[in-house]
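Enquirer: This is the structure I want to talk about, given as C-alpha cells.
The values are calculated or read from the model by the stated rules, or taken from the named source; none is laboratory data. Not measured: the values here are computed from a predicted model. Every residue, glycine among them, receives a Cβ derived from its backbone with ideal geometry; neighbour counts consider all protein chains shown. Only protein heavy atoms, including side chains, enter the accessible area calculation; ligands, DNA and RNA are left aside. Shrake-Rupley method; radii C 1.70, N 1.55, O 1.52, S 1.80 Å.
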Amino acid sequence: MNDYELIYLAQEQNEAAQECLYQKYDRLINILISKKYRRLKYLSIDLQETYNECLNGLNDAIFNYNPDCNTTFVTFASVIIEKRINYLIRKRNTDKEKNFNKSLVLDFEYNDIIFKKNILDNKKEPLSICLSKEKYIELINEIVDKLSPFEYEVYKLILQDLKYQDIAKKMNKTPKQIDNAIQRIKNKLKTVLKSMKIA
C-alpha cells in the first residue's frame, strides 16, 4: 500500500493505516531531530518531548495533506515536523535569553556587550552605539542564535574580563582553541551588526 492509500485511510480514521504511517516515518522524525540535536542538547530540551512534538507534527501532516498540492507527502511532512522542532527551540531559546538578559546582559552597558575587550576591532576605545531597548534585545537574541554553544560560553567569559589564557584553563581547552573561537565570534558579531545595520 502506498502513501496516498495509507493517508486516505488514515484521514478516514483507520487506526491501522495511521500506525503504519507512524512506523514508516519514524526514521524521518529521527533524522530531523538529529539535524537539530546539538541545539536541542544545548537548550536542554528533552528528546522524548521533541519526538512527541514531531509525532504531533506528523499527525497534522497526515490529516492536512492534499495529494493535489503538487508536493510529495514526505516533503510536506518534513516541513511541518521541522516547524514543530523549531517551535520548541524558539520557545526554549526565549526562556534562555530572558535568563541570559537577567543574569548577564543587564550587568553591562550597551557598548560593553558588543565591544568589551575590543572584541570587534583593535581600537583602544570602544565604538559608540545607541540602541532602543527593543533593538538591543533583538541584537542580543541574534548574537545568542548565531554563536555555537562553545562560542557562547567563551563570549560570556570575555564579558567577564577574562583573558583568553584564563578562559582556556577554565574551559579545559588550549589557548589556540580559545583564540580561534574568539576570531569566529568576532566575525559572527560583525555579521550580526551588519545585518541589523548597526555597523
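Enquirer: It is to be established whether one or more residues within the range 27-44 are open to solvent by less than 50 Å² (accessible area, probe 1.4 Å), over 25 Å from Val144 (Cβ atoms) and part of a helix (DSSP H, G or I).
Expert: Just the residues of the range 27-44 that are open to solvent by less than 50 Å² (accessible area, probe 1.4 Å), to begin with: 28-29, 32-33, 39-40, 42-43.
Filter once more, so that each one left must be over 25 Å from Val144 (Cβ atoms): 28-29.
After this cut, where a residue has to be part of a helix (DSSP H, G or I) as well, the list is 28-29.
Checked against the condition, which is being open to solvent by less than 50 Å² (accessible area, probe 1.4 Å), over 25 Å from Val144 (Cβ atoms) and part of a helix (DSSP H, G or I), the range 27-44 yields at least one hit.
Enquirer: A further question on this structure: Under 6 Å by Cβ, and 6 or more places apart or on different chains, what pairs join a residue from the range 22-37 that is in contact (Cβ under 8 Å) with a residue 24 or more places away in the chain with one that is open to solvent by less than 30 Å² (accessible area, probe 1.4 Å)?
Expert: Tyr25/Leu58; Ile29/Cys54; Leu32/Ile81; Ile33/Thr50; Lys36/Ile85
Enquirer: Moving on. Could you grab me the full set of residues in the range 181-199 that are surrounded by 14 or more Cβ atoms within 10 Å (Cβ to Cβ) and part of a helix (DSSP H, G or I)?
Expert: Answer for the range 181-199, where residues must be surrounded by 14 or more Cβ atoms within 10 Å (Cβ to Cβ) and part of a helix (DSSP H, G or I): Ala181, Ile182, Arg184, Ile185, Lys186, Lys188, Leu189, Lys190, Val192, Leu193.
Enquirer: Just to verify a result, which residue in the range 45-69, among those that are within 26 Å of Glu151 (Cβ to Cβ) and buried (at least 16 other Cβ atoms within 10 Å of the Cβ), is modelled with the lowest pLDDT?
Expert: Ile45
Enquirer: Going by what's in this entry, would Glu97 be described as of a type in the set (Asp, Glu), open to solvent by less than 60 Å² (accessible area, probe 1.4 Å), within 30 Å of Glu151 (Cα to Cα) and at pLDDT below 85? Show your work before the answer.
Expert: Values: of a type in the set (Asp, Glu): yes; open to solvent by less than 60 Å² (accessible area, probe 1.4 Å): yes; within 30 Å of Glu151 (Cα to Cα): yes; at pLDDT below 85: yes.
Spelling it out, Glu97 is indeed of a type in the set (Asp, Glu), open to solvent by less than 60 Å² (accessible area, probe 1.4 Å), within 30 Å of Glu151 (Cα to Cα) and at pLDDT below 85.
Every residue, every condition in (1) within 29 Å of Asn141 (Cα to Cα); (2) among the charged types (D, E, K, R), yes or no:
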position: Arg27; (1), (2): no, yes
position: Lys41; (1), (2): yes, yes
position: Cys54; (1), (2): yes, no
position: Asn66; (1), (2): no, no
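Enquirer: Can you confirm whether Ile81 is open to solvent by less than 40 Å² (accessible area, probe 1.4 Å) and modelled with pLDDT of 85 or more? Reasoning before the result, please.
Expert: On the way: open to solvent by less than 40 Å² (accessible area, probe 1.4 Å): yes; modelled with pLDDT of 85 or more: yes.
Judged against the criteria, Ile81 is a match.
Enquirer: Please state which one of Glu138, Glu151 is charged (D, E, K, R), modelled with pLDDT under 80 and either assigned to a helix (DSSP H, G or I) or within 21 Å of Arg92 (Cα to Cα) (or both). Can you show your working first?
Expert: Working: Glu151 fails: modelled with pLDDT under 80.
So the residue among Glu138, Glu151 that is charged (D, E, K, R), modelled with pLDDT under 80 and either assigned to a helix (DSSP H, G or I) or within 21 Å of Arg92 (Cα to Cα) (or both) is Glu138.
Enquirer: Is it fair to say Leu88 is at pLDDT 80 or above, within 30 Å of Leu55 (Cα to Cα), part of a helix (DSSP H, G or I) and in contact with a helix residue (DSSP H, G or I) (Cβ under 8 Å, 6 or more places away or on another chain)?
Expert: In short, yes.
Enquirer: Sticking with this one: Given the structure, is Leu6 open to solvent by less than 80 Å² (accessible area, probe 1.4 Å) and either modelled with pLDDT under 90 or within 26 Å of Lys91 (Cα to Cα) (or both)? I'd like the intermediate steps shown before the answer.
Expert: Details: open to solvent by less than 80 Å² (accessible area, probe 1.4 Å): yes; either modelled with pLDDT under 90 or within 26 Å of Lys91 (Cα to Cα) (or both): no.
For Leu6, the condition - open to solvent by less than 80 Å² (accessible area, probe 1.4 Å) and either modelled with pLDDT under 90 or within 26 Å of Lys91 (Cα to Cα) (or both) - is not met.
Enquirer: Mind listing just one residue for me: the one in the range 51-74 that is over 20 Å from Glu12 (Cα atoms) and not in a loop (DSSP other than H, G, I, E, B) and, of those, farthest from the chain's Cα centre (by Cα)?
Expert: Initially, the range 51-74 is screened for residues over 20 Å from Glu12 (Cα atoms), giving 51-54, 70-71.
Right, trim to not in a loop (DSSP other than H, G, I, E, B) and you get 51-54.
Details: Tyr51: 17, Asn52: 19, Glu53: 16, Cys54: 17 Å.
So, considering only residues that are over 20 Å from Glu12 (Cα atoms) and not in a loop (DSSP other than H, G, I, E, B), the one farthest from the chain's Cα centre (by Cα) is Asn52.
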